[in-house]
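The values are calculated or read from the model by the stated rules, or taken from the named source; none is laboratory data. In this text the structure is predicted, and so the values were computed from the model without any measurement. Just so you know, the surface numbers come from the protein's heavy atoms only, side chains and all, with ligands and any DNA or RNA stripped out. Shrake-Rupley method; radii C 1.70, N 1.55, O 1.52, S 1.80 Å.
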Amino acid sequence: SRTTLTEAEKSQVETEAIRILGRCIGPSWGVTETSAELVVGEVQSGKTLSFTALSALARDNGFPLIIVLAGTKKNLRDQTITRIRSDLRVDGDGGLPSWSALDGPVLADAEDVARRVRLWIDQPNRNHVTTLAVVLKNSSPLQKAAQFLERVTELAGTFPALIIDDEADQAGLNLLWRKGRESPTYRSIR
């Protein structure tokens, strides 16, 4: 069931999303570097709401692709997908399509996504479709997502993308760093 936020809570979510996105390098600044930011939240603290608000704000600020690494278990990924689709109204409400959702992007999706990314680059405005790709955080799905992203980049060129690692403490960290190696999931994410 959906929880209704007070005006103060809505304002806090918006302020925090603006602060987080403001620390990321954005397309409107003409910067071609990459940036990484870490935001940590406690269990049941509203992290999904936070990164959903961040995703909407990123879309409004010219990010044509958002990738969410959504846990290592299928049930957690499915829960995240359902929540994001609902909160962002991915399935539409009769207006212009703002989102295209991919559950586990693969190479076959790249051409369609690259076409949408090129629209953002060639005709910048807020009426383009942002692709929201949700990836299970296991080696095989991550490798498929990396191939997808590489192909989109080949076809569309350089573009801004926001990558959100939900449940970053689960398999996202390099568990073999003390041994001078990279754990498989960490390597796939990197």
Fraction in percent of alpha-carbon pairs per bin - 5 Å, segment 141-190: 4, 18, 22, 22, 15, 12, 6, 1
Proximal lysines to Lys47, defined as alpha-carbon separation beneath 24 angstrom and excluding residues fewer than eight positions away on the same chain: Lys10, Lys73, Lys74, Lys137
Principal semi-axes in Å for segment 58-190 [√(5λ), Cα gyration tensor, largest first]: 27, 18, 12
Accessible area (Å², per residue) of segment 50-190, counting only protein heavy atoms and a probe of 1.4 Å: 53
